[in-house]
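K.L.:
A single structure is presented below for examination.
The values are calculated or read from the model by the stated rules, or taken from the named source; none is laboratory data. Predicted model, so just to flag it, every value in this text is computed and none were measured. Because the Cβ atoms are built from the backbone with ideal geometry, glycine has one as well, and the counts that use them run over all protein chains shown.
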Amino acid sequence: MSNAVALLQAIGQDPSLIQALRDGDDAVLLKSDLAADVRTALLAGDPMRLATLLGAPAIVCCVLEKQDDDEDQGEDIPVQEDNKVRAELSALRN
């Protein structure tokens, strides 16, 4: 499965590959050394199936936030912000 991760990383870092896939040019996937079911999930644009095949959680949320020096470290995320994030994650699941 490392081939799939490496390919996804390459696609994510190369705007021309991203655009080619958006335009329906699947040659990069067809030429890759991927398992047929992984390639099928990628071509179908099925993130849930791909996550299952790769053994990854269905949704991963990574947040990088610069902390201000004078900001209290124990401060919670405001409820409104928390609800917004939950709504966005819910929309991704559907």
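K.L.:
Please work out if L50 is touching a helix residue (DSSP H, G or I) at 6+ places or on another chain (Cβ under 7 Å), at pLDDT 80 or above and closer than 24 Å to R86 by Cα.
P.N.:
Yes; evaluated as a whole, the condition is true for this residue.
K.L.:
Follow-up. Is there a residue in segment 16-29 that is among the basic types (K, R), within 27 Å of E88 (Cα to Cα) and outside any helix (DSSP H, G or I)?
P.N.:
no
K.L.:
List the residue pairs whose Cβ atoms are under 8 Å apart, where the first residue sits in segment 1-30 and is free of Cβ contacts under 8 Å to residues at least 24 places away in the same chain, the second is part of a helix (DSSP H, G or I) and of a type outside the set (A, V, I, L, M), and the two are 6 or more positions apart or on different chains.
P.N.:
Cβ pairs passing all conditions: I18/G12; L29/R39; L30/R39.
K.L.:
Further question: Taking L34 as the residue in question, decide whether it is among the hydrophobic types (A, V, I, L, M, F, W, C), surrounded by 10 or more Cβ atoms within 10 Å (Cβ to Cβ), assigned to a helix (DSSP H, G or I) and at pLDDT 80 or above.
P.N.:
no
K.L.:
Answer yes or no: is there a residue in segment 59-81 that is modelled with pLDDT of 75 or more, under 17 Å from the mean Cα position of the chain (by Cα) and surrounded by 11 or more Cβ atoms within 10 Å (Cβ to Cβ).
P.N.:
No: zero hits.
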